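Working notes for the structure below.
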Amino acid sequence: MPDIFKTPQDLRIYAAKLAAQNKTLGFVPTMGALHEGHLTLAQKALSQCDECIVSIFVNPKQFAPHEDFDRYPRTLEKDAELLKSIGVHAIFAPEVETMYPANFQTTVSVGEISKPLEGEFRPHFFAGVATVVARLLLLVGAQKAFFGEKDYQQLQVVKHMTSDLAIPTEIIGVPIIREDSGLALSSRNAYLSQEERAIANQLNKILISMANDIKSGLPIATIEEKAQQKLLSIGFDKVDYCTIRDAQTLVPPDKNTQHLRVLAAAWLGQTRLIDNMEG
Ligand code: PAF
């Protein structure tokens, strides 16, 4: 089994041991309920670093009161087994009180890149993510940290934050892992009924058709409108956004835009799905 650390002190002892052995550490932050996507991140870490540590912490600060913090799946034993099977060395699984001790007063707030898309629909989200990720990166002290591109905006926010705060961990983005149907792997897929899953499987196909429409030269507004209508017509209950953005800044593209990203967030019942791809 990987070592399971609970406290910053455990992490300091582990870091000292690695330093004494001249070993590098790769870090994968997660909220648990691990799937193939997380394991791919850990495998990437293992391929680039001597050892790999995965954190498992359902971060209350990134959930609004009406969101799914209480029902978010918690499966530590199963997660530890999965991480063991791929040779992960350590798990950091702190209690809420360890991450946010009494009188914790700091919030990390990242600027423009946090504002559109997820920032618009989940205004609390990125401050919660940036605060926990900053604290995790500083506690773990890894050389590299690995984040999935499924949360594309989160990856950009974390890259800005580590650069702005000079946190000495290199942030590495890892491409989305998908089911055969094209559905991006997500811990929240566990909430989907069979019927909802059949609809969810269409999300990526619609993003692919948007990317094809971009290549055909259709106007962006037309592509976005068509895709939003399609999502609703196949059974999504609500579309937060289904849009084409500048891949770096996430604002609507203009004549200076070099790379495009197609991004969507849509609801099936109580479940919110996100996906994205190159445009
Ligand atoms: O992507 C996630 O699972 C979370 O947002 C993260 C990065 C572990 C922070 O809680």
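Each reported figure results from applying straightforward, stated rules to the coordinates on display, with no laboratory input. Predicted model, so just to flag it, every value in this text is computed and none were measured. Note that we place each Cβ from the backbone using ideal geometry, even for glycine, and neighbour counts take in every protein chain shown.
When the dipole is taken about the Cα centre of region 152-279, and only Lys, Arg (+1) and Asp, Glu (-1) are charged at their Cβ, what size is it in debye, to the nearest 20? Provide the component values of the computation, followed by the final result.
Details: 13 positive and 15 negative charges, 20 e Å.
It works out to roughly 100 debye.
For region 239-279, what mean projected area does the convex hull of the alpha carbons give, in nm²?
Projected over every direction and averaged, the Cα hull of region 239-279 covers 2.8 nm².
Toward the positive end of the charge dipole of the chain, about the Cα centre and with charges on Cβ (Lys, Arg +1; Asp, Glu -1), which of A33, Q48, M277 goes farthest?
Selected residue: Q48.
Determine the dipole magnitude for the chain: charges of +1 sit on the beta-carbon of Lys and Arg, -1 on that of Asp and Glu, nothing else is charged, the reference point is the Cα centre, and the result goes in debye to the nearest 20.
Numbers: 28 positive and 33 negative charges, 59 e Å.
Approximately 280 debye in magnitude.
Counting each pair of different Cα atoms once, what's the Kirkwood radius of region 211-279 in Å, rounded to one decimal?
Details: mean 1/r = 0.0801 Å⁻¹.
Evaluated on region 211-279, it is 12.5 Å.
Mind giving me the nanometre distance, one decimal, between the label points for Q248 and S85, set 7 Å out from Cα along Cα→Cβ?
A separation of 4.1 nm, rounded to one decimal place.
Between D10 and K215, what FRET efficiency comes out of the Förster formula 1/(1 + (r/R0)^6) with R0 = 51 Å and r the beta carbon distance, rounded to 0.05?
Details: r = 51 Å, r/R0 = 1.00.
Approximately 0.50, to the nearest 0.05.
What 222 nm value per residue comes from the helices of the chain, counting each DSSP H run with n ≥ 4 as -39,500 (n - 2.57) and dividing by all residues, nearest 500 deg cm²/dmol?
Estimated from H runs of four or more residues: -12500 deg cm²/dmol.
Label region 165-250 by shape, choosing from rounded, prolate and oblate, from the square roots a ≥ b ≥ c of the eigenvalues of the Cα gyration tensor; if a/c is under 1.5 it is rounded, and otherwise prolate applies when a/b is larger than b/c, oblate when it is not.
Details: a/c = 2.07, a/b = 1.16, b/c = 1.78.
Since a/c reaches 1.5 but b/c is at least a/b, the shape of region 165-250 is classed as oblate.
Ratio to report: Rg/Rh of region 1-100, with Cα atoms as the point set and Rh obtained by the Kirkwood method; give two decimals. Show your work: numbers first, answer last.
Details: Rg = 13.9 Å, Rh = 14.2 Å.
My calculation puts Rg/Rh at 0.98.
Rounded to the nearest 0.05, what FRET efficiency do A190 and E112 give with R0 = 35 Å and r taken as the Cβ-Cβ distance? Could you check?
Numbers: r = 33 Å, r/R0 = 0.95.
With a Förster radius of 35 Å, E is 0.55.
Within 10 Å, count the other beta carbons around each residue, average over each peptide in 191-197, 100-106, and list them highest first. If you can, show how the numbers build up before the last one.
Numbers: 191-197: 14.6, 100-106: 8.9.
Those peptides, ordered most packed to least, come out 191-197, 100-106.
Extent of the chain along each principal axis, from alpha carbon coordinates, in Å, largest to smallest?
Reported extents, whole Å, longest axis first: 58, 43, 39.
Compute the length gained on full extension between I234 and D164: take 0.36 nm times their separation in residues and subtract their Cα-Cα distance, giving the result in nm to one decimal.
21.0 nm
Starting at the first residue of region 185-192, write each ³J(HN,Hα) from the Karplus equation 6.51 cos²θ - 1.76 cosθ + 1.60 with θ = phi - 60°, in whole Hz, x for Gly and Pro.
Taking θ as phi minus 60°, the curve returns 5, 7, 4, 6, 4, 4, 6, 7 Hz for region 185-192.
Hydropathy first: keep DSSP H helices in the chain averaging at least -1.0 on Kyte-Doolittle, then drop any whose Cα extent along the axis falls short of 15 Å, and list what survives. Provide the component values of the computation, followed by the final result.
Working: long enough: 8-20 (18 Å, 0.08); 36-48 (18 Å, -0.35); 125-140 (22 Å, 2.34); 152-164 (18 Å, -0.75); 194-215 (33 Å, -0.37); 220-234 (21 Å, 0.09).
Helix filter hits for the chain: 8-20, 36-48, 125-140, 152-164, 194-215, 220-234.
Separation of region 140-187 and region 205-279 by C-alpha centroid, Å?
20
May I ask you to derive the FRET efficiency for K23 and Q270 from their Cβ-Cβ distance with R0 = 51 Å, giving the value to the nearest 0.05?
Values: r = 44 Å, r/R0 = 0.86.
Computed FRET efficiency for K23 and Q270: 0.70.
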